[in-house]
Amino acid sequence: MAEPILSLRGLKAGYGDFQALFGIDLDLAEGEVLALIGANGAGKSTLLRAVTGLVRCQRQMVLFRGDGIGGERPDLIARRGIAMVPEGRRLFRSLSVEENLVIGGERAPNGEWTLERIYSLFPILMEKRLNPGTALSGGQQQMVAIGRALMANPRILLFDEISLGLAPVVIKDIYAAFPAIVATGVSVVLVEQDVARALAVAGRFVCLQEGRVSLAGRPDEHDRAAITAAYFGAA
Ligand code: ATP
């Protein structure tokens with residue numbers, strides 16, 4: 001791998017006395033889609049929160065293009081070009097769809113992603129652009145959350161539970177946008193409870209189990225039984 005855009009080196013993190021991650025090593029290449037899978041509580045969200053500065057860790061445990069950024073302030077990490085589409089979408093309730101998108105782009109006004117491009121990616125948002133973010137279906141809210149993150153023109157995009165609670169037809173629409181997103185060269189970490197779907201779009205995966213990497217590789221390198229065992233642990 002050329003110099004990875006993101007590396008985790010022995011990442012340990014937790015909440016107060018509770019340790020959730022026990023020394024995670026992981027590299028993300030430029031332009032790669034990496035699926036991060038694992039059962040509930042395995043530590044996937046904690047890993048994303050450590051990368052975005054929402055959970056504390058030591059500086060050298062998270063490297064962005066070789067620079068230690070662990071424990072940096074979330075706004076500074078965002079400014080480096082790391083954006084997250086959070087679980088539960090977290091739109092600004094009092095703002096319209098368009099205002100939510102514009103806020104995402106405030107720090108990167110001249111990048112590749114513009115309002116027009118977001119609307120061509122998700123045409124329904126054009127129709128709903130003046131609606132409050134909360135007057136949307138869950139799937140449409142997820143599209144706004146993705147659009148808001150893209151408007152920051154990130155180099156790394158982290159998706160936390162991209163399809164959780166959404167109807168299958170909407171999930172299909174959201175995944176249909178994936179190739180256009182990846183084509184911009186952004187590097188992606190995808191946390192997804194639907195493992196088959198995640199493995200279908202990812203070039204590589206990392207499976208966590210109780211805060212440790214239990215398996216990693218290309219989806220076609222491991223059979224389903226090995227992935228299931230890594231996911232759930234030995235019976
Ligand atoms: P899920 O799919 O349920 O979100 P996950 O793999 O993302 O699972 P995390 O949310 O990272 O897992 O949780 C890892 C561990 O940390 C779990 O044991 C969880 O209970 C604990 N945890 C998560 N958030 C907190 C918090 N704010 N305070 C204390 N413990 C937490």
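Can you name the number of the only condition in (1) in a loop (DSSP other than H, G, I, E, B); (2) touching a residue at least 40 places away in the same chain (Cβ under 8 Å); (3) surrounded by 15 or more Cβ atoms within 10 Å (Cβ to Cβ) that T134 fails?
(3)
Applying the selection to segment 137-159, what residues are surrounded by 24 or more Cβ atoms within 10 Å (Cβ to Cβ), assigned to a strand (DSSP E or B) and aliphatic (A, V, I, L, M)?
Matches in segment 137-159: L158 only.
Condition (residue is of a type in the set (F, W, Y) and without any contact (Cβ under 8 Å) to a residue 24 or more places away in the chain) applied to segment 12-24: is it met by at least one residue?
Looking only at segment 12-24, we keep the residues that are of a type in the set (F, W, Y), and these are 15, 18, 22.
Going one step further and asking which of them are without any contact (Cβ under 8 Å) to a residue 24 or more places away in the chain, we end up with 18.
Taking every residue of segment 12-24 in turn, at least one turns out to be of a type in the set (F, W, Y) and without any contact (Cβ under 8 Å) to a residue 24 or more places away in the chain.
For segment 28-83, which residues satisfy the criterion of being of a type in the set (V, I, T), within 16 Å of the ligand (Cβ to nearest atom) and outside any strand (DSSP E or B)? If you could, list the steps in order and put the result at the bottom.
So the first thing to find is which residues in segment 28-83 are of a type in the set (V, I, T), and the list is 33, 37, 46, 51-52, 55, 62, 69, 77, 82.
Within this subset, residues satisfying the condition of being within 16 Å of the ligand (Cβ to nearest atom) are 37, 46, 51-52, 55, 62.
Matches in segment 28-83: T46, V51, T52, V55.
State yes or no: is F92 at pLDDT below 90, aromatic (F, W, Y) and surrounded by fewer than 20 Cβ atoms within 10 Å (Cβ to Cβ)?
yes
Residue under question is R9, and the condition is that it be of a type outside the set (A, V, I, L, M), out of contact with any Lys or Arg (no Cβ under 9 Å at 6 or more places or on another chain) and within 16 Å of the ligand (Cβ to nearest atom); does it hold?
No, not satisfied.
Search segment 155-168 for residues that are within 15 Å of V195 (Cβ to Cβ) and pair each with any residue that is in a strand (DSSP E or B) and more than 12 Å from the ligand (Cβ to nearest atom) when their beta-carbon atoms are under 6 Å apart and the residues are at least 6 apart or on different chains.
Matching pairs, first to second residue: F159/V85; F159/L190.
Does I103 satisfy the condition of being outside any strand (DSSP E or B), away from the ligand (no atom under 16 Å from the Cβ) and surrounded by 21 or more Cβ atoms within 10 Å (Cβ to Cβ)?
For I103, the condition - outside any strand (DSSP E or B), away from the ligand (no atom under 16 Å from the Cβ) and surrounded by 21 or more Cβ atoms within 10 Å (Cβ to Cβ) - is not met.
Pull up segment 179-189, narrow it to residues that are touching a residue at least 60 places away in the same chain (Cβ under 8 Å) and out of contact with any strand residue (DSSP E or B) (no Cβ under 8 Å at 6 or more places or on another chain), then point me to the one that is nearest to M143 (Cα to Cα).
Residue satisfying both the conditions and the ranking: T184.
Pick out the one residue from R107, R197, R117, R93 that is closer than 23 Å to C207 by Cα and without any contact (Cβ under 8 Å) to a residue 60 or more places away in the chain.
Going through R107, R197, R117, R93 in turn, just one is closer than 23 Å to C207 by Cα and without any contact (Cβ under 8 Å) to a residue 60 or more places away in the chain: R197.
The values are calculated or read from the model by the stated rules, or taken from the named source; none is laboratory data. Predicted model only: the values in this text are computed from it and were never measured. A quick note on method: Cβ atoms are made from the backbone with ideal geometry, for glycine too, and the neighbour counts reach across all protein chains shown.
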